[in-house]
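Novice: Please read through the structure below; I'll follow up with questions.
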Protein chains: 2
Amino acid sequence: MTQYRLTSLASSLPASVPFVGPEAQERARGKIFDARLGANENVFGPSPRAIKAMAETSIWKYGDPESFDLREALAGHHGTTPAHVVVGEGIDGLLGYVVRLMVEPGDAVVTSDGAYPTFNYHVAGFGGTLHKVPYRDDHEDPEALFAKAAEVKAKLVYLANPDNPMGSYHTGAEIVAAMDKLPNGTLLVLDEAYIECAPKDAALPLLFDDPRVIRMRTFSKVYGLAGARVGYALAAPDLIAQFEKVRNHFGMNRAAQAGALEALGDGDWLRSVQARIVAARLRIATIAKANGLRALPSATNFVTIDCGRDGSFATRVLAETVARGIFARMPLAAPQNRCIRVSCGTPADLELFAQVLPEALRAAENS
Amino acid sequence: MTQYRLTSLASSLPASVPFVGPEAQERARGKIFDARLGANENVFGPSPRAIKAMAETSIWKYGDPESFDLREALAGHHGTTPAHVVVGEGIDGLLGYVVRLMVEPGDAVVTSDGAYPTFNYHVAGFGGTLHKVPYRDDHEDPEALFAKAAEVKAKLVYLANPDNPMGSYHTGAEIVAAMDKLPNGTLLVLDEAYIECAPKDAALPLLFDDPRVIRMRTFSKVYGLAGARVGYALAAPDLIAQFEKVRNHFGMNRAAQAGALEALGDGDWLRSVQARIVAARLRIATIAKANGLRALPSATNFVTIDCGRDGSFATRVLAETVARGIFARMPLAAPQNRCIRVSCGTPADLELFAQVLPEALRAAENS
């Protein structure tokens, strides 16, 4: 017999992994990737000020469980108060907390078919029932999401804006208009991981006190600190206060707290990264076009390329690209899975991609 | 109305904080502490190799979700396999996962009265019912813990060896002997955060495959990486595999993974820290004796000092010590709360403590 006794919920869960990491793929292929363009990391890295602050941190000390300095700075940055901000171990960690607070077995949750798998992992992990709505024209469909939420009396509805994996976005005004149909008792979990890459009109024109929405932000993308694990959520104080009940109070890395604080303060670096992302998006689109493919418009730090056929073909294109040393990924749900997804790389990364893509396409056509 | 709907469990939870951090105390007093001796951090810091590895990490990359290299190294270090090892965000994070896997509302869990509050926080957070057993002669009492586990049909029983906050320990052989009474269906969660400070005979003479126990280890204490948040658990592979169902797969800081790997490999640094801890323990005991107090024997990186009266007196001694710029803590349950707890500091830290303690005692006596 086993000595331990799982909960009935834990017994029922698969030993699932939201994503296999690039390191596991590297171990399987026996060599590291030449370009790492699959996880929408920021290859341009964080602000040098952040790197310096992390190196100078007394890492023998636990982090401040209140992330006080960082929350103060974030409040100032967003023109709100620290009571509107909770800092956590990336958006992944914060999504886990919000699901834990709201979802128990049988509760309904709504998302798009093909949206963020880690959110789905958390919902399943707390016994929620996931209802999915299809994308519309490669965009998430707020009207359909909120209508579904009303239909199933969802506790949570997940919407990423800009969206991953399609790179598309809605204006904040469009989302607010759609929110007229958001039912009472459904909280909108708005994942804004890529908001700093998006046009200004992507911002939600709502007070952080609005009780209908919690906004998730991260230092993993434009701020270049994916490995540091710093995310935060913005919402009304009474909702933010709920996180105190369940979060891992001493879970934040002290150097990461210091690095995020400096990254937030270095607007010049942020703008230089934004410019390099714009240039990289253009370069990826040019490469796609040169190969007879269409790059979808991107409001993120990646570009989704329509390979022009079905999911089977795109899967082969991706496999042939990966086999040639470029880590990339692709959307998982049809019909978005006709595409591959390429993160904004350095000019050298993208030169390599320009060399590899024609070969990968030929190999995919012949396989 | 509020838009969000908490689970019934989340509604019932207090917005509790296991500990108030020293930074919050510093903000309240308006200046930083002169000596930080309250959180059993390692003031001697991590291996310089670990510091170098962290500084050289490409922090723009997510960490390897499998912590493959670190788990391989830990397996080698302990003479076992990576399948016996799970890495997580400190022991705090791993305790949260093990409680989540096993405990649902109404399930019984056993611990000692006055033992680790964060474990209790997790148990409450998943709706478990906590049953407490008193310390015996300032030691945790394995026989009583396991008897209580049998009585209440506990799913988990928590035992720290060496113990925090008393600094005492049992030999591994004593614990194994007591485990004859560990009931079927109760998993022993053995918190060995301080094991590297303890005499050799504290080690549990059991295979990691033994299904009755999961051992929790950390890089936060002797390895000097509290701020990095790296812990691990050792147990039979089928139990370790359960963590894949619930853990935050991309939750590990990439620099922390690299730092822990180097720290583990630097045995010379480890031994130098161990020697400095032994010296600091002796120095704290000498200071206690010079003030007419008794230092309890310590198998950890802190010393618990018996202030010789009741909890009210020790509370005043602690407050007067803290007011004089030394961050320290004390046990929370009677009769252990007749003591204060002082982490091993640098010689300069302890010189300050030697100056402050007589003043604090006088002030406590007169207040």
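The values are calculated or read from the model by the stated rules, or taken from the named source; none is laboratory data. If you're wondering where the values come from, they're calculated on a predicted model, not measured in any experiment. With ideal geometry, Cβ positions are generated from the backbone for all residues, glycine too; neighbour counts draw on all protein chains shown.
Novice: Identify the residue in segment A:172-188 that is assigned to a loop (DSSP other than H, G, I, E, B) and in contact (Cβ under 8 Å) with a residue 24 or more places away in the chain and, among all such residues, is surrounded by the most Cβ atoms within 10 Å (Cβ to Cβ). Steps first, answer last, please.
Specialist: Of segment A:172-188, the ones assigned to a loop (DSSP other than H, G, I, E, B) are A:182-186.
Keeping just the survivors that are in contact (Cβ under 8 Å) with a residue 24 or more places away in the chain gives A:182-183, A:185-186.
Details: A:182: 23, A:183: 16, A:185: 15, A:186: 26.
Looking at residues that are assigned to a loop (DSSP other than H, G, I, E, B) and in contact (Cβ under 8 Å) with a residue 24 or more places away in the chain, I get A:186.
Novice: A further question on this structure: Anything in segment B:115-144 that is acidic (Asp, Glu) and at positive phi? List them, or say none. First the steps, then the outcome.
Specialist: Of the residues in segment B:115-144, the ones acidic (Asp, Glu) are B:137-138, B:140-141, B:143.
Passing the criteria: B:137, B:138.
Novice: Hey, among B:252, B:330, which residue is surrounded by 20 or more Cβ atoms within 10 Å (Cβ to Cβ), touching a residue at least 40 places away in the same chain (Cβ under 8 Å) and in contact with a helix residue (DSSP H, G or I) (Cβ under 8 Å, 6 or more places away or on another chain)?
Specialist: Numbers: B:252 fails: in contact with a helix residue (DSSP H, G or I) (Cβ under 8 Å, 6 or more places away or on another chain).
Going through B:252, B:330 in turn, the sole match is B:330.
Novice: Take the conditions more than 7 Å from chain B (Cβ to nearest Cβ) and in a helix (DSSP H, G or I) and apply them to residue A:69. Does it pass? Give the steps one after another, and end with the answer.
Specialist: Values: more than 7 Å from chain B (Cβ to nearest Cβ): yes; in a helix (DSSP H, G or I): yes.
Judged against the criteria, residue A:69 is a match.
Novice: Could I ask something else about it? Only one of (1) of a type outside the set (Gly, Ala, Ser); (2) under 29 Å from residue B:202 (Cβ atoms); (3) not in a loop (DSSP other than H, G, I, E, B) fails for residue B:351. Which number is that?
Specialist: Evaluating residue B:351 over (1) of a type outside the set (Gly, Ala, Ser); (2) under 29 Å from residue B:202 (Cβ atoms); (3) not in a loop (DSSP other than H, G, I, E, B) leaves (2) as the failure.
Novice: Where the second residue is surrounded by 16 or more Cβ atoms within 10 Å (Cβ to Cβ) and among the β-branched types (Val, Ile, Thr) and the first is farther than 25 Å from residue A:158 by Cα and lies in segment B:4-21, which pairs have Cβ atoms under 6 Å and are six or more apart or on separate chains?
Specialist: If the second residue must be surrounded by 16 or more Cβ atoms within 10 Å (Cβ to Cβ) and among the β-branched types (Val, Ile, Thr), the pairs left are B:18/B:118.
Novice: So is residue A:294 more than 18 Å from residue A:362 (Cβ to Cβ), out of contact with any Cys (no Cβ under 8 Å at 6 or more places or on another chain) and not hydrophobic (A, V, I, L, M, F, W, C) or not?
Specialist: Working: more than 18 Å from residue A:362 (Cβ to Cβ): yes; out of contact with any Cys (no Cβ under 8 Å at 6 or more places or on another chain): yes; not hydrophobic (A, V, I, L, M, F, W, C): yes.
Here the answer is yes, as residue A:294 does meet what is asked.
Novice: Going by the structure shown, is residue A:222 touching a Cys at 6+ places or on another chain (Cβ under 7 Å) and more than 7 Å from chain B (Cβ to nearest Cβ)?
Specialist: Details: touching a Cys at 6+ places or on another chain (Cβ under 7 Å): yes; more than 7 Å from chain B (Cβ to nearest Cβ): yes.
So residue A:222 fits the description; yes.
Novice: Quick one: is residue B:317 assigned to a strand (DSSP E or B), in contact with a helix residue (DSSP H, G or I) (Cβ under 6 Å, 6 or more places away or on another chain) and buried (at least 22 other Cβ atoms within 10 Å of the Cβ)? Reasoning before the result, please.
Specialist: Numbers: assigned to a strand (DSSP E or B): no; in contact with a helix residue (DSSP H, G or I) (Cβ under 6 Å, 6 or more places away or on another chain): yes; buried (at least 22 other Cβ atoms within 10 Å of the Cβ): yes.
So residue B:317 fails the test.
Novice: Could you tell me how many of the residues in segment A:189-202 are under 16 Å from the mean Cα position of the chain (by Cα) and without any contact (Cβ under 8 Å) to a residue 60 or more places away in the chain? Step through it out loud before you land on a result.
Specialist: The initial filter retains those residues of segment A:189-202 that are under 16 Å from the mean Cα position of the chain (by Cα), namely A:189-198, A:202.
If we keep only those that are without any contact (Cβ under 8 Å) to a residue 60 or more places away in the chain as well, we get A:190, A:192, A:195.
Selection size over segment A:189-202: 3.
Condition check ((1) of a type in the set (Ser, Thr, Tyr); (2) assigned to a helix (DSSP H, G or I); (3) farther than 30 Å from residue B:189 by Cβ; (4) more than 7 Å from chain B (Cβ to nearest Cβ)) across all residues:
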{"residue": "A:5", "(1), (2), (3), (4)": "no, no, no, no"}
{"residue": "A:15", "(1), (2), (3), (4)": "no, no, no, no"}
{"residue": "A:18", "(1), (2), (3), (4)": "no, no, no, no"}
{"residue": "A:49", "(1), (2), (3), (4)": "no, yes, yes, yes"}
{"residue": "A:57", "(1), (2), (3), (4)": "yes, no, yes, no"}
{"residue": "A:61", "(1), (2), (3), (4)": "no, no, no, no"}
{"residue": "A:75", "(1), (2), (3), (4)": "no, yes, yes, yes"}
{"residue": "A:91", "(1), (2), (3), (4)": "no, yes, no, yes"}
{"residue": "A:95", "(1), (2), (3), (4)": "no, yes, no, yes"}
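Novice: Now for a separate question. Can you pull out every residue in segment A:135-154 that is touching a residue at least 40 places away in the same chain (Cβ under 8 Å), under 21 Å from the mean Cα position of the chain (by Cα) and part of a loop (DSSP other than H, G, I, E, B)?
Specialist: Result: A:135, A:138.
Novice: What's the total number of residues in segment B:275-290 that are of a type in the set (A, V, I, L, M, F, W, C) and buried (at least 18 other Cβ atoms within 10 Å of the Cβ)? Full working, then the answer.
Specialist: Initially, segment B:275-290 is screened for residues of a type in the set (A, V, I, L, M, F, W, C), giving B:275, B:277-280, B:282, B:284-285, B:287-288, B:290.
Checking the rest, the ones that are also buried (at least 18 other Cβ atoms within 10 Å of the Cβ) come to B:277, B:280, B:284-285, B:287-288.
Matching residues across segment B:275-290 total 6.
Novice: What are the residues in segment A:117-143 that are surrounded by fewer than 22 Cβ atoms within 10 Å (Cβ to Cβ), within 16 Å of residue A:19 (Cα to Cα) and away from chain B (no Cβ under 11 Å), if any?
Specialist: A:120
Novice: If a residue has to be polar (S, T, N, Q) and out of contact with any strand residue (DSSP E or B) (no Cβ under 8 Å at 6 or more places or on another chain) to count, how many in segment B:175-234 make the cut? First the steps, then the outcome.
Specialist: Of the residues in segment B:175-234, the ones polar (S, T, N, Q) are B:184, B:186, B:218, B:220.
Subsequent filtering for residues that are out of contact with any strand residue (DSSP E or B) (no Cβ under 8 Å at 6 or more places or on another chain) retains B:184.
Qualifying residue count, segment B:175-234: 1.
Novice: Name the residue that is farthest from the other protein chains (Cβ to nearest Cβ), counting only residues in segment A:20-33 that are crowded, with 16+ Cβ neighbours inside 10 Å and not in a helix (DSSP H, G or I).
Specialist: Only one residue tops the list, namely A:33.
Novice: So, one more: Restricting attention to segment A:16-56, which residues are at pLDDT below 95 and under 22 Å from the mean Cα position of the chain (by Cα)?
Specialist: Matches in segment A:16-56: A:16, A:17, A:18, A:19, A:20, A:21.
Novice: Filter segment B:34-47 for residues that are under 20 Å from residue B:340 (Cα atoms) and either among the hydroxyl-bearing types (Ser, Thr, Tyr) or at the interface with another protein chain (Cβ under 8 Å from one of its Cβ atoms) (or both) and give the result. It would help to see each step written out before you state the result.
Specialist: Start the filter on segment B:34-47 by keeping residues that are under 20 Å from residue B:340 (Cα atoms), which leaves B:34-43.
Matches in segment B:34-47: B:36, B:39, B:41, B:42, B:43.
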